[in-house]
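> Provided herewith is a single structure, encoded as structure tokens, for subsequent inquiry.
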Amino acid sequence: MTSTDRPLLRMRGIVKQFPGVRALDGVDLEVTAGEVHCLLGQNGAGKSTLIKVLGGVHQPDAGTIEWDGGPVTLGSPQAADATGIATIHQELDLVPWLTVAQNIVLGHEPARLGFTRSGRAEDLAATLLRRLGHPEIPVRREVGRLPAAGQQVVSMARALSRDARLIVMDEPSAVLDADEVDNLFRVVRELTDSGVAVVYISHRLEEIRRIGDRVTVLKDGRTVAADLPARSTPTAQVIRLMTGTSTEHVIPPRATRSIGDVVLDVSELGRVGEFTDVSLTVRAGEIVGLAGLVGSGRSEILETIYGARRATSGSVRVGGRELRTGSVPAAVRAGMGLCPEERKSQGLLLTEPIARNVSLPVLRRFAKAGWLRADAELDAAREVITRLDVRPADPSRPVRTLSGGNQQKVVLARWLLTGCSVLLLDEPTRGVDVGARTEIYALIRQLAGQGVAVVLVSSDVPEVLGLADRVLVVRDGRVVHEAPGGVLDEAAVLDLVMEGSRDERA
């Protein structure tokens, strides 16, 4: 870590109040030029609000901010940008219909005589993508056509294009595979070696050990620890600071439960250009995991089973009945639910209340003579969100005001209310803190114990291995191996997805 006589950034006693919620209650943060400063805390601890204050999105109600030794007011995102602060948000704020190059230079386009110099913008974008190790991303392609990992790289390139002195990275590895994470860390170290400061937010503690220098921990809107050494602070201490309790087992130990008849039967399913000849069965009470690298086709398989994508071959049966391909309503009527990879853009109506998000698939249940019985809808939603410990447990609250972990619980509550027989989970704990993650794991096990057939996709290999009764390894759009969950280890899975033979099926 490069040290100076004074911090590049010093935030003192930051307070931010929203109606009914004190999101920040006197937070302190110091960041030095040339360091990777990790910001940890459970969902709802105040991390997102703090970085929005730092990015000029929110104005603090109290407290001071100093930049390079002097007081500064970050009255808008433009003011933060001009100061030298760039933020890469977990929920990427790219413009999907603009090209890669246009997104990278957005807001500071190279111009001459009032006209944007497109060629210069594309050259700059190409240079930054090469620096990030992704020269293959076409600078003229619309960003909305890129996979999630590609969009993350573009967002990073946009931050680099501003010559920022401090870059905030909020869960930057969430959609990246192992090789891409290694490349991300290479870029971060290049930045810090040149004196750039990085605030790194992640729920993956192993990443903090690899890339971090110092750690600040938030809990309930307050700083509970600062200046912790990232590499040597015991994991148990970090978890205790974040949660207030000691968490020995994040994934609940396996318990014996009854496995019933086949509920979901996928036969030779394919979609041109994405995956081929995928067959799997899931029994009542069974958890089947799909493991593989980002881009291997896992999410596409799940979305095609659910009907969000139209299959070009094969069939999907629920309870012995074949579903019409490409029809989400048919899947929902058959008793299938999906928690999608991108919960904000694909799974939630952010401006609607929790109750409406929960009741959406079964609104008819709360209708009488063509009129919606709002009280009945609220009561039903309140019951399931209380069971899942959604905080705050107010069904009338807009879902956009919830933390990431609580938003994920709302998506799960939706299918809990419908009583689905098949639940498809795509990255169910992405961006979720260790406390909420433990609760979600317990809920998944509980649903399986009640006879729900669960299919789980996750980039976190230990998560798949710890939860699944059976694991299917996906590589290049094909299932290359199948084994009981307790048989494979992380090294074996990584070997299969990177080097393993496609003929290797248990």
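> Starting from the amide H of R222, placed 1.01 Å from N in the peptide plane, find each other amide H under 5 Å away whose residue is 5 or more places distant or on another chain.
Here D25 satisfy the definition.
> Moving to a separate point now. Report, in deg cm²/dmol and to the nearest 500, the calculated mean residue ellipticity at 222 nm for the chain, where each DSSP H run with n ≥ 4 adds -39500 (n - 2.57) and the sum is divided by the residue count.
Numbers: 16 runs with 161 residues, N = 506.
That calculation yields -9500 deg cm²/dmol at 222 nm.
> Taking the mean number of other Cβ atoms within 10 Å as a proxy for protection, how do you rank 66-79, 306-319, 403-416, 328-341 from highest to lowest?
On the way: 66-79: 13.9, 306-319: 18.1, 403-416: 24.4, 328-341: 19.9.
In decreasing order of mean packing, 66-79, 306-319, 403-416, 328-341 become 403-416, 328-341, 306-319, 66-79.
> Follow-up question, since we're still on this one. What shape does the range 267-333 take by its C-alpha gyration tensor, where a ≥ b ≥ c are the square roots of the eigenvalues and a/c under 1.5 counts as rounded, a/b above b/c as prolate, and the rest as oblate?
On the way: a/c = 1.67, a/b = 1.16, b/c = 1.44.
Oblate shape, in that a/c is at least 1.5 and b/c is the bigger or equal ratio.
> Rank-order 256-266, 193-203 by packing density, defined as the average count of other C-beta atoms within 10 Å over each peptide's residues, highest first. Show your work: numbers first, answer last.
Details: 256-266: 15.6, 193-203: 20.5.
Top of the packing list down: 193-203, 256-266.
> Normalising by the residue count of the range 5-48, find the relative contact order in percent from Cα pairs under 8 Å and 6+ residues apart.
Details: 54 pairs, mean separation 15.6, N = 44.
Result for the range 5-48 is 35 percent.
> Another question, if that's okay. Where both partners of a DSSP beta bridge lie in the chain, what percent of those bridges are antiparallel, to the nearest 5?
Numbers: 45 of 79 bridges.
In the chain, DSSP labels about 55 percent of beta bridges as antiparallel.
> Where Lys and Arg each count +1 and Asp and Glu each count -1, what net charge lies around S396 among other residues with Cβ under 10 Å from its Cβ? Please list the in-between numbers first.
Details: positive: R356, R382, R397; negative: D394.
After counting each charged neighbour, the total is +2.
> Would you please classify the overall shape of the range 9-243 from the alpha carbon gyration tensor, given that a ≥ b ≥ c denote the square roots of the eigenvalues, rounded means a/c under 1.5, and beyond that prolate means a/b larger than b/c while oblate covers the rest? List each step's numbers first, then the result.
Details: a/c = 1.92, a/b = 1.44, b/c = 1.34.
Since a/c reaches 1.5 and a/b is larger than b/c, the shape of the range 9-243 is classed as prolate.
> Pick out, from F18, A284, H37, the residue whose Cα sits farthest towards the positive end of the charge dipole of the chain, with +1 on the Cβ of Lys and Arg and -1 on the Cβ of Asp and Glu.
So the residue furthest toward the plus end is F18.
> A further question follows. Enter the Cα centre distance for the pair the range 459-495 and the range 332-374, rounded to the nearest angstrom.
Taking the Cα centre of each part, the range 459-495 and the range 332-374 sit 32 Å apart.
> Further, regarding this structure: About its Cα centre, what dipole magnitude does the chain give when the only charges are +1 on Lys and Arg Cβ and -1 on Asp and Glu Cβ, stated in debye to the nearest 20? Write down the numbers at each step before the final one.
Values: 61 positive and 64 negative charges, 288 e Å.
With Lys and Arg at +1 and Asp and Glu at -1, about 1380 debye.
> Which of these values of Cα extents along the principal axes in Å was calculated from the structure shown: (1) 66, 48, 46; (2) 68, 49, 49; (3) 77, 62, 52?
Checked against the structure: label (2).
> Straight-line reach from K47: which aspartates and glutamates fall under 15 Å, measuring Cα to Cα and dropping same-chain residues less than 8 apart?
D25, D28, E30, E91, D170, E171, D220, D433
> Before anything else, pin down the relative contact order of the range 178-328: Cα pairs under 8 Å, at least 6 apart, normalised by residue count, whole percent.
Details: 185 pairs, mean separation 22.9, N = 151.
Relative CO of the range 178-328 lands at 15 percent.
> Same structure, new question: Name the long-range amide H neighbours of G41: under 5 Å, sequence gap of 5 or more, or other chain; modelled H, no Pro or chain starts.
Amide H to amide H, under 5 Å and 5 or more residues apart or across chains, G41 pairs with L218.
> Please report the spacing between the Cα centers of the range 306-321 and the range 262-290 in Å, no decimals.
9
> Go through 391-399, 218-226 and give me the packing order, highest mean Cβ count within 10 Å leading.
218-226, 391-399
> Among the lysines, select those whose C-alpha is under 16 Å from the C-alpha of K344, and discard any that sit fewer than 8 residues away in the same chain.
Correct list for K344: K409.
Laboratory data are not the source of any read-out in this text; all were calculated from the coordinates shown. A quick note: this is a predicted structure, and the numbers were derived from the prediction, not measured. Reconstructed Cβ throughout: ideal geometry from the backbone, glycine too, with neighbour counts over all protein chains shown.
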